[in-house]
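Quick notes on the structure that follows.
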Amino acid sequence: MGLTGPEFALLSVTVGLGALLQVSVGFGLGMIAAPVFALVDPALAPTAVLLLATGVTAAVLVRERGRADLRGCGWALAGRLPGVLAGALLVMVLPARHLALLVAAVVLAGATVSVAGYVPRQRRSSVVLAGMASGLMGTATSIGGPPMAMVWQRLGGAELRATMSAFFLAGSLMSLAALTAAGAVGAHALRGTALLTPAAVAGVLLAGPLTRRLNVRRTRAAATALAVAGAVVLVLQQFA
């Protein structure tokens, strides 16, 4: 991949931690990994993060099978399609620096909404709009979790994890298809994904014994804080 030992170690730890959080609370891999990937090797994002997230969400679905709100997922995916197309267009037209700043902006906006405690009503229209926002953000930056976590936050632990994972598995495949059609999926990102897959597997395996012991609210707060720290460093790097 052209990475130094410390850089590869940092990406591996980030992916492992992100996978653990994704399994435990339903999202987190993209929000934590995207700023770090953009800092260390922008050519890996968003493709590598989306590919890794696809595998992790599939593992969650197997674990929480039968608990997903498939009707809600259907409406969210209907909204995600136009968002995916818009996100792929952004990847095609925006320079790398602007994409990095977009990653930081998405993380900071998601954290702000989370801290504000805004809880929208779980109407069909709000789920569709959240799916659209998630599609745009997830395809352009690999961070599609915040809109869905916000609109589905009334769901219980297992149902939330299963519903989010069902949505993100299908949604990530949609985003990857659009990025492939746009010529944004290259061999470098595929090699990086292969090398970082063991770290994702380790995070999934560690999540098994830890999930029941984790406080969901505190875990989400910790994940948000880590993501914000990465976003701030990313912004500083772009203007340094």
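The values are calculated or read from the model by the stated rules, or taken from the named source; none is laboratory data. Please read these numbers as outputs of a predicted model, since none were measured by experiment. Counting neighbours? That spans all protein chains shown, and the Cβs are built from the backbone with ideal geometry, glycine included. What goes into the accessible areas is simple: the full protein's heavy atoms, side chains included, and nothing from ligands, DNA or RNA. Shrake-Rupley method; radii C 1.70, N 1.55, O 1.52, S 1.80 Å.
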With a 1.4 angstrom probe the carbon and sulfur portion of accessible area for the stretch 1-101, in percent, totals 70 percent
Determine the dipole magnitude for the stretch 56-140: charges of +1 sit on the beta-carbon of Lys and Arg, -1 on that of Asp and Glu, nothing else is charged, the reference point is the Cα centre, and the result goes in debye to the nearest 20. 260 debye
Tell me, what HN-Hα J-couplings in whole Hz come from the Karplus equation 6.51 cos²θ - 1.76 cosθ + 1.60 at θ = phi - 60° for each residue of the stretch 71-78, using x for Gly and Pro? 5, x, 4, x, 5, 5, 5, 4
Hey, can you find the accessible area per residue of the chain for me, probe 1.4 Å, expressed in square angstrom? 45 Å²
Can you tell me how much longer the chain between Val232 and Leu94 gets when fully stretched, taken as 0.36 nm per residue apart minus their C-alpha distance, in nm with one decimal? 47.7 nm
Which of these, Val36, Val13, Val25, has the largest mean-square fluctuation under a Gaussian network model of the chain (Cα springs below 10 Å)? Val13
I want to verify a result. In a Gaussian network model of the chain, Cα cutoff 10 Å, which of these has the top mean-square fluctuation: Ala229, Ala140, Ala100? Ala229
Most fluctuating of Thr141, Thr57, Thr193 in the GNM of the chain (C-alpha, under 10 Å) is Thr193
Calculate the dipole size of the chain relative to its Cα centre from +1 charges on Lys and Arg beta carbons and -1 charges on Asp and Glu beta carbons; express the result in debye to the nearest 20. 800 debye
In the stretch 122-184, what percent of the accessible surface is made up of carbon and sulfur (1.4 Å probe, ligands and nucleic acids excluded)? 62 percent
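What range in the chain is the longest one free of trypsin sites (Lys or Arg not before Pro) that are in a loop by DSSP and have at most 14 other Cβ atoms within 10 angstrom?
The longest uninterrupted stretch comes out as 155-240.
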